[in-house]
Amino acid sequence: NPDCLLTPHVYWAQRRGEIFLRVDLSDAKNLNISVEENTLQFRGQGHGAKGENEYKFSLEFREPVRPEVEHRSTQRQVDIRVRKQSEHWWDRLTQQEKKPLFLAPDFDRWLTESDVEMELKNKEEERINSIRVESRVPKDPFLGVKRGYLFMYNLVQFLGFSWIFVNMTVRLFILGQDSFYDTFHSTADMMYFCQMMAVLEVVNPLLGLVRTAFLPALLQVTGRNVILFVIFGCLDEMQNKAVVFFVFYLWSCVEIFRYPFYMLGVVGTEWKLLTWLRYSLWIPLYPLGTIAEAVAVVQSLSLFDETLMFALPLPSLLGGSLSFSYSLRLYLILMFLGKKKHFIQPFSTSLNT
């Protein structure tokens, strides 16, 4: 009944300069809260102790307060904050000595003056102890050198893979599918350089320069170098196959976003679009790159059988030699197991700080 005015339950607490009121009124609306002549007036519609009704109350404060009132309505309650004119602790909230029946202490926020002083003292002690601990931790005198090295490493790799990506893209638009078959001869030198540089990504975790685990970095770098140096680099017949284009293109697509992401991370900067691209593109490009690498391995098996390149000599009774293709078959199995295990852990080249 909108004509029935009721009083809600009100809980209060104080600090040295503020009064906090919590009105037990859920889904409150049509609120009218003000301070006039040192008396707080409250009126509002909501669900209180007597159900959905209009509720009101007034409180004449013990000492002068400022007329500005701050309030916030939530689904469960209405929070009110009033500032005291002078900062000190009151012995009671209201002018009248007898506490109104609807008013009670807010024990969730209740602190006495001694409690606050002890809390401030504990915080100050914690701050001093924290400063003491930080002062005892030795600063790394080579931190600037490490950051400079990692920044330059990521920058050089970014420029290298960007050159490969742009070169292949331009040739694709100009030559079409014909560009597939001379990819190795047009980009191999730069890819050799980038992948030899990538060996540092195995060394950096061992030196504690980055947060990457050693094994994922070793698997990634070793896998690519087997494809590049052993399969493409040693077999002339593989260098003219279209699979080279897809392997190189997928590698460069991943790296032109990965290296600048870590380059910015070294200097404590993040570009949200780059972060999104780095982790979103990784999802389709990583398995596609794995498939392209597997195709290259499969296509090379018969070539290693025919040429006996890297074959292991065996006694004549055992067949004379063991083809290197058997090692690649084992590598193919390990590659898929390793890729599956480390798919969600793309290795990092950011500073380990």
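The values are calculated or read from the model by the stated rules, or taken from the named source; none is laboratory data. Worth saying up front: this structure is predicted, and the values here are computed from it rather than measured. Note that we place each Cβ from the backbone using ideal geometry, even for glycine, and neighbour counts take in every protein chain shown. Surface accessibility is based on the protein's heavy atoms, side chains included, excluding ligands, DNA and RNA. Shrake-Rupley method; radii C 1.70, N 1.55, O 1.52, S 1.80 Å.
Considering region 308-325, the residues that are touching a helix residue (DSSP H, G or I) at 6+ places or on another chain (Cβ under 9 Å) and part of a helix (DSSP H, G or I) include one that is most open to solvent (accessible area, probe 1.4 Å), namely F324.
Within region 22-41, restricting attention to residues that are in a loop (DSSP other than H, G, I, E, B) and either among the small types (G, A, S) or more than 13 Å from F57 (Cβ to Cβ) (or both), the residue that is most open to solvent (accessible area, probe 1.4 Å) is E37.
Total residues in region 12-21 satisfying the condition of being part of a strand (DSSP E or B) and open to solvent by 30 Å² or more (accessible area, probe 1.4 Å): the figure is 1. Every condition in (1) open to solvent by less than 50 Å² (accessible area, probe 1.4 Å); (2) in contact with a Leu (Cβ under 8 Å, 6 or more places away or on another chain) is met by Q220 except one, and the failing one is (2).
Residue count for region 58-109 under the criterion of being touching a residue at least 60 places away in the same chain (Cβ under 8 Å), over 39 Å from the mean Cα position of the chain (by Cα) and part of a strand (DSSP E or B): the result is 6.
Counting only helices (runs of 4 or more DSSP H) wholly contained in region 196-271, the ones carrying 2 or more residues that are at pLDDT 95 or above and not small (G, A, S) occupy 243-266.
Results for (1) in contact with a helix residue (DSSP H, G or I) (Cβ under 6 Å, 6 or more places away or on another chain); (2) open to solvent by 70 Å² or more (accessible area, probe 1.4 Å); (3) of a type in the set (D, E), shown as yes or no for each residue.
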residue	(1), (2), (3)
S162	yes, no, no
G176	no, no, no
F180	yes, no, no
F184	yes, no, no
D189	no, yes, yes
V202	yes, no, no
L215	no, yes, no
G233	no, no, no
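Being modelled with pLDDT under 90, within 18 Å of P8 (Cα to Cα), of a type in the set (D, E, K, R) and open to solvent by 40 Å² or more (accessible area, probe 1.4 Å) is true for just one of E134, E124, E52, E97. Which residue is that?
Details: E134 fails: within 18 Å of P8 (Cα to Cα); E124 fails: within 18 Å of P8 (Cα to Cα); E97 fails: within 18 Å of P8 (Cα to Cα).
After applying the criteria, what remains is E52.
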